[in-house]
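Below is one structure, written out as structure tokens; comments come after it.
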Amino acid sequence: MLSFGSIINIRQLLILGMKEEHLYICAVILGLAAAYFLLQPIVMWFIQIGAQGALTYMITSLLLMVVLLSIKGFFELSLPTDIENGLMKHTLQGLAGFGLFIMVINIWGRIRSKQKRAVKALFFVLSIYKFQRLVDLTGGHCILPRDEGV
């Protein structure tokens, strides 16, 4: 069991009516606060670079792990250690495989969007070239069709 005896004198806290469980709760709250303030800049960076998909994946993975562990604790399941380890192993492998799948889909989408932009740029360059040839053929005068309705 974790001992805070070297940091805080538990006997003095017991005199004040505080139990050791209260100290653990305070330690968890302080740990959560530290993690919150350490992770907040990272989350803001993910939002700034537009990586909402990565954030969604991380939150979904965390939620799945919490639900998995909560079900075991809530129903007080006493599974054999090998089944429990296997369940955790397969859950983590499934999360890793799903993350890899999402990554491949995102990379494929980026490659496709870059190809579409390259094709648009190529058509733009070709249209400028075609316009330049039209100007050259007309002796330097640009003859554009007029809109008769105006």
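Quick notes on this one:
- Val67 surrounded by 11 or more Cβ atoms within 10 Å (Cβ to Cβ) and farther than 21 Å from Phe101 by Cβ: no
- Any hit, segment 128-139, residues being modelled with pLDDT of 70 or more and either in a helix (DSSP H, G or I) or exposed (fewer than 10 other Cβ atoms within 10 Å of the Cβ) (or both): yes
- The listed residues are Ser61, Ser70, and the only one of them that is of a type in the set (Gly, Ala, Ser) and touching a residue at least 24 places away in the same chain (Cβ under 8 Å) turns out to be Ser61.
- Ile49 falls short on exactly one of the conditions (1) hydrophobic (A, V, I, L, M, F, W, C); (2) surrounded by 10 or more Cβ atoms within 10 Å (Cβ to Cβ); (3) at pLDDT 75 or above, and that condition is (2).
The values are calculated or read from the model by the stated rules, or taken from the named source; none is laboratory data. Everything numeric here is computed off the predicted structure, so don't read it as measured data. Backbone-built Cβ (ideal geometry, glycine too); neighbour counts: all protein chains shown.
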